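Some notes on the structure that comes next.
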Amino acid sequence: MTAFSQISRIAYEGPQSENPLAFRWYNADEVIEGKTMRDHLRFTVCYWHTFRGTGSDPFGGGTMQRPWDDGSDSVANAQKRARVAFEFCEKLGAPYYAFHDRDVAPEGKTLSETNANFDAVADVLLQEQQRTGIKLLWGTANMFSHPRFMHGAATTCNVEVYAYAAAQVKKALEVTHRLGGENYVFWGGREGYQNLFNTDMKRELDHLAAFFHMAVAYAEEIGFKGQFLIEPKPKEPTKHQYDSDAAACLNFLRAYDLLPYFKLNIETNHATLAGHTMMHELEYAGMQGALGSIDANTGDLLLGWDTDQFPTDYYLTTQVMLVLLKYGLAPGGVNFDAKVRRESFEPMDLFYAHIGGMDAFARGLKIAAALRKDRALEKFVEQRYANWNSDLGAKIEAGQMNFQQLEQFIMGKGEAAPNGSGRQELIENVINRYIDKV
Ligand code: XUL
Ligand code: CO
């Protein structure tokens with residue numbers, strides 16, 4: 001297959017390179033904090049945007065030129081597309097890919113026909129994985145595009161749609177397992193509501209939890225050892241999504257005894273739609289041992305929807321990498337859940353987009369590692385909390401103090417010790433200095 005015959009394997013040429021088809025920062029074998037960039041970043045190409053994105057928007061149809069794709073819903077076309085996808089990942093040097101069941105294979109007239117289509121394309125995916133060594137980061141089921149899911153899938157009011165969704169996830173788990181997928185993702189899709197007047201929220205959440213417990217039980221039954229992930233998102237397509245942010249997801253998982261089986265897949269544009277920074281969402285998940293994987297993209301500050309753009313901002317990637325270095329990422333990865341703009345319709349644009357994203361993350365990794373090496377930020381944090389290292393602080397943190405004892409302490413002093421400066425502006429200057437010097 002030679003869909004990209006004019007392109008050879010993208011090479012690392014260093015920061016001075018002006019070759020648009022070379023990496024300036026992503027040097028897969030370069031070792032940082034004892035691990036190669038390849039192993040830190042675990043870059044993943046997402047099948048849905050990169051190979052199924054058409055460029056359509058609410059105001060107009062598709063624009064993408066994909067000469068290898070005949071536009072039909074045939075299995076043969078899907079198999080050909082799969083081979084092209086692997087040629088792309090191979091030339092890019094991306095070690096992983098990720099898909100929804102319906103991205104890779106067309107739906108048939110019945111679920112069994114659909115499953116047979118999925119198996120026929122999975123045969124090609126497996127062959128291509130074996131040929132190239134490229135691995136599956138995660139699989140997932142698309143339970144939001146088909147009209148049957150208009151009221152949701154695991155939170156639908158229609159019990160037979162719930163059964164359909166269960167059967168779909170069962171199959172997606174089997175195929176993900178067959179392909180050696182390292183994780184399995186649930187993004188809420190239409191799991192949410194538009195209006196509480198017609199919604200039994202408690203019943204829907206109970207159903208969702210039961211669904212996840214069945215998924216965990218089935219994974220155990222078939223021997224799938226991959227990590228389950230939930231991907232928080234607050235808006236789109238429903239007005240209120242149940243998995244709205246990391247805190248809401250962790251609360252749900254804890255309430256329904258699912259915490260031991262799930263981590264989170266945090267996506268930048270979802271974090272910003274929730275009114276958080278990506279760094280906040282990552283830290284919130286990380287501090288609870290629930291940081292699983294990331295969907296790397298970015299939004300647009302002027303647009304309030306999920307624009308899924310490729311991330312190119314070093315400030316953002318530095319923030320992300322600071323948290324990922326702290327908590328680690330494997331078996332997760334950096335999945336480019338991002339799409340080229342509809343005006344960037346040539347196949348070549350797919351390369352430019354991924355090269356830019358990979359370089360931005362590689363440089364963010366280097367900047368974050370330099371900050372950590374010098375303990376440039378830790379120093380400020382340590383200083384800020386220094387008086388918690390006192391006898392008083394140690395006793396409070398050990399749970400040995402009560403309100404009466406604290407009152408007695410502060411009454412004895414009359415006033416609390418003066419505060420120190422937060423030094424925010426100085427810290428921001430320090431970060432810029434590291435961005436300049438790496
Ligand atoms: C939707 C989104 C999904 C998930 C997988 O906003 O991010 O593509 O990543 O279902
Ligand atoms: Co995503």
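Brief remarks on what is shown
- Restricting attention to the range 247-280, the residues that are closer than 24 Å to residue 136 by Cα, in contact with a Phe, Trp or Tyr (Cβ under 7 Å, 6 or more places away or on another chain) and part of a helix (DSSP H, G or I) total 1.
- A search for C-beta distances below 7 Å between a residue of the range 60-73 that is within 12 Å of residue 343 (Cβ to Cβ) and any residue that is small (Gly, Ala, Ser) and part of a loop (DSSP other than H, G, I, E, B), counting only pairs 6+ apart in sequence or on different chains, returns 63/55; 64/53; 64/55.
- Hey, residue 63 within 16 Å of ligand 1 (Cβ to nearest atom) and either surrounded by 20 or more Cβ atoms within 10 Å (Cβ to Cβ) or not in a helix (DSSP H, G or I) (or both) or not: no
- If you check 281, 231, 267, 236 for being acidic (Asp, Glu), at pLDDT below 95 and under 18 Å from residue 308 (Cβ atoms), only one passes: 236.
Yes/no matrix, rows are residues, columns are (1) in contact with a Phe, Trp or Tyr (Cβ under 9 Å, 6 or more places away or on another chain); (2) surrounded by 21 or more Cβ atoms within 10 Å (Cβ to Cβ); (3) in contact (Cβ under 8 Å) with a residue 40 or more places away in the chain:
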{"residue": "112", "(1), (2), (3)": "no, no, no"}
{"residue": "121", "(1), (2), (3)": "no, yes, yes"}
{"residue": "126", "(1), (2), (3)": "no, no, yes"}
{"residue": "129", "(1), (2), (3)": "yes, no, yes"}
{"residue": "136", "(1), (2), (3)": "yes, yes, yes"}
{"residue": "150", "(1), (2), (3)": "no, no, yes"}
{"residue": "161", "(1), (2), (3)": "yes, no, no"}
{"residue": "165", "(1), (2), (3)": "yes, yes, yes"}
{"residue": "168", "(1), (2), (3)": "no, yes, yes"}
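- Positions within the range 170-214 being out of contact with any Asp or Glu (no Cβ under 9 Å at 6 or more places or on another chain), within 27 Å of residue 129 (Cα to Cα) and among the hydrophobic types (A, V, I, L, M, F, W, C), in sequence order: 173, 179
- Failed condition for residue 352, given (1) assigned to a loop (DSSP other than H, G, I, E, B); (2) away from ligand 2 (no atom under 16 Å from the Cβ); (3) within 28 Å of residue 68 (Cα to Cα): (1)
- Some residue of the range 164-186 being small (Gly, Ala, Ser) and within 25 Å of residue 305 (Cβ to Cβ): no
The values are calculated or read from the model by the stated rules, or taken from the named source; none is laboratory data. In this text, all values refer to a predicted model and were calculated from it rather than measured experimentally. Every residue, glycine among them, receives a Cβ derived from its backbone with ideal geometry; neighbour counts consider all protein chains shown.
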